[in-house]
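Each remark here refers to the structure printed beneath this line.
Read the figures in this text as sums done on the coordinates, not as results from a lab. Here the structure is a predicted model, which is why all the values come from computation and not from measurement. Cβ atoms come from the backbone with ideal geometry, glycine included; neighbour counts cover every protein chain shown.
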Amino acid sequence: MSETQTQSFSIDALRAGDRAEFARLVDAYSAPIYRLGLKMLGNPQDAEDVLQNTFLNALTHFADFEGRSSISTWLYRIASNEALMLLRRKKNTVNLDDFQPEDAEETPLPEVFVDWSTMPEDELLSGESKKALDTAVKKLPEALRMVFLLRDIEGISIRDTAEILNLTETNVKTRLLRARMFLREHLSTYYSERLTREEKKDG
Amino acid sequence: MADHLHNNCQDLLGSLSEYIDGELPADLCHEIEKHLEGCENCRVVLNTTKRTIDLVQVPMEEEAVPEDVRERLFKRLQLDSYLHPKG
Ligand SMILES: [Zn+2]
């Protein structure tokens, strides 16, 4: 993954109020936290709020950090809480299902069986395709989206994702599978329509 | 088209994520691979799911922290004197 994961920080220095060490931490984690905010909230203003609140919160709580989890896990936990709190605050009607998906329910079965996986990269990642991808991610129910972002975008392990979100590993796995299936279905619908369009053009 | 799926397919889909992440024991992988050989639908689902994960991992430019956002963050945290140079 990114270089962030390989950097280490001195907890003692951070607790002691070492500004240089804090600045280094902020620079190392700003990008992933901003990205998480952007993908959860969907706009740069809210992403900036998540970013600022996360580090303000961290700054006042270094003393409580016990070192049982890594500093990265700890920061992501603050960031994901900030993002979820902001989401709740912004919603006029709170849809509880978004936060508590019924994990016991069966994962919906795939319905589109078009193999678009061999389409050339530049077509898969054209401007229009990127937009479709982004829209699909935004359509993910929030609880699934958060798991998906941590695991598949940030490359955090199942175990750490469970720790960050205070979920069991089984819950994380279930939500991850659902998120991936949901995205696959959306992209399959999108790309199969594109393939049909192109065939018509060629034929 | 869900009626084209056998029970085996449903079992496979249940462990698809873990299979992709290489988290399944060898004997289960072997079972899955045997099923995949004879089941086109599952092969398509596997290939397209893998591709989906690849695609979302391609970074998008607009996700980087804009310089003005970084500046405001550093000021808010009273880290003004560490704004330059970056990194
Ligand atoms: Zn099958």
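Mind checking the angle between helix A:71-90 and chain A's longest principal axis? C-alpha axes, 0 to 90 degrees, to the nearest 10.
So the helix axis and the longest Cα principal axis differ by about 70 degrees.
Straight-line reach only, C-alpha to C-alpha below 20 angstrom: list the lysines that B:K75 could link to, leaving out same-chain residues fewer than 8 apart.
Candidates past the 8-residue exclusion: B:K86.
Give the list, by residue number, of cysteines in chain B with no other Cys Cβ closer than 4.7 Å, or say none.
Those would be B:C9, B:C29, since no other cysteine Cβ in chain B comes under 4.7 Å of theirs.
Given points 7 Å out from each Cα along the Cα-Cβ axis, report the A:V114 to A:R197 separation in nanometres with one decimal.
1.0
Give me a single rounded figure for A:25-35: the average over its residues of other chain Cβ atoms within 10 Å of their Cβ. Could you put the intermediate results ahead of the total?
Working: counts 0, 6, 8, 1, 0, 6, 5, 2, 2, 7, 6.
Per residue, the number of nearby Cβ atoms from other chains is 4 on average.
Quick one: compute the contact order of chain A, relative version, from alpha carbon pairs under 8 angstrom and 6+ residues apart, as a percent. Before the final figure, lay out each step's value.
Working: 154 pairs, mean separation 44.0, N = 203.
Relative contact order for chain A comes out at 22 percent.
Ranked highest first by average number of other Cβ atoms within 10 Å, how do A:70-80, A:144-154 line up? Intermediate results must be reported in sequence, preceding the final value.
Details: A:70-80: 20.7, A:144-154: 23.4.
With the highest mean Cβ count within 10 Å placed first, the list reads A:144-154, A:70-80.
What pairs from A:K90/A:K173; A:K39/A:K91; A:K130/B:K50 go past 23 Å between their alpha carbons?
Working: A:K90/A:K173 28 Å; A:K39/A:K91 16 Å; A:K130/B:K50 17 Å.
Pairs exceeding 23 Å: A:K90/A:K173.
For a protection proxy built on the mean count of beta-carbon atoms within 10 angstrom, sort B:47-60, A:119-132 highest first, please. Please report the intermediate quantities before stating the final value.
Numbers: B:47-60: 17.8, A:119-132: 13.1.
Ranked by mean Cβ neighbours within 10 Å, highest first: B:47-60, A:119-132.
What full-extension length gain, to one decimal in nm, is calculated for B:E40 and B:K75 as 0.36 nm per residue of separation minus the Cα-Cα distance? Each step should come with its number before you reach the end.
Working: separation 35, 0.36 × 35 = 12.60 nm, distance 5.65 nm.
Between B:E40 and B:K75, full extension yields 6.9 nm more.
What is the mean number of Cβ atoms from other protein chains located within 10 Å of the Cβ atom of each residue in peptide B:40-48, rounded to a whole number?
On the way: counts 2, 3, 2, 3, 9, 9, 3, 5, 15.
That average works out to 6.
In the protein assembly as shown, if the dipole is taken from +1 on Lys/Arg beta carbons and -1 on Asp/Glu beta carbons about the Cα centre, which of A:Q52, A:V147, A:M181 is farthest to the positive end?
My answer, from the dipole projection, is A:Q52.
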